[in-house]
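Engineer: Attaching a single structure in structure tokens format; questions to follow.
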Amino acid sequence: MLNYIWLGLIVVAVIVGGVEGRLKEVADKSFEMATTGVTIAISLIGIMALWLGVMRLAERAGLVALLARVLRPVMRRLFPDVPAEHPAMGSMLMNIAANMLGLGNAATPLACAR
């Protein structure tokens, strides 16, 4: 569904740019923003790799499972459909902790580590 929304926005931008006689500006700005998007994505690779590594180390050391076991009563109330021993509990807990600490983008790899 989101793909259709983005496609609609792009089509509307091209149509309005063509009607207004500013199609060149629309094309130039789209290439400029594509370059900006790639630059941002590449700059985030380092921090995402760091937090994925931290998560993997914590997982292998058993810290994630220990933390999930300690906070199991709270997590069971927040997520009643997830089994208590499911590995996703640890990932969800790390994601919540990263968000509470204001780590923003670092929360994404922590949730996707499994």
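The values are calculated or read from the model by the stated rules, or taken from the named source; none is laboratory data. Note that the coordinates shown come from a computational prediction; the quantities given were computed from them, not determined experimentally. The area values use the complete protein model at the heavy-atom level, side chains included, leaving out ligands, DNA and RNA. Shrake-Rupley method; radii C 1.70, N 1.55, O 1.52, S 1.80 Å.
Engineer: Would you please name the residue that is nearest to G18 (Cα to Cα), looking only at residues in the range 36-46 that are open to solvent by less than 80 Å² (accessible area, probe 1.4 Å) and not polar (S, T, N, Q)?
Structural biologist: Within the range 36-46, the match that is nearest to G18 (Cα to Cα) is G37.
Engineer: Could you check, for the range 14-35, whether at least one of its residues is open to solvent by 100 Å² or more (accessible area, probe 1.4 Å), assigned to a helix (DSSP H, G or I) and of a type in the set (K, R)?
Structural biologist: Scanning the range 14-35, I find at least one residue that is open to solvent by 100 Å² or more (accessible area, probe 1.4 Å), assigned to a helix (DSSP H, G or I) and of a type in the set (K, R), so the answer is yes.
Engineer: Moving on to the next point. Go through the range 47-61 and count every residue that is aliphatic (A, V, I, L, M), over 17 Å from the mean Cα position of the chain (by Cα) and open to solvent by less than 70 Å² (accessible area, probe 1.4 Å). Step through it out loud before you land on a result.
Structural biologist: The initial filter retains those residues of the range 47-61 that are aliphatic (A, V, I, L, M), namely 47-50, 52, 54-55, 57-58, 61.
If we keep only those that are over 17 Å from the mean Cα position of the chain (by Cα) too, we end up with 57-58, 61.
From what's left, open to solvent by less than 70 Å² (accessible area, probe 1.4 Å): 58.
Within the range 47-61, residues that are aliphatic (A, V, I, L, M), over 17 Å from the mean Cα position of the chain (by Cα) and open to solvent by less than 70 Å² (accessible area, probe 1.4 Å) number 1.
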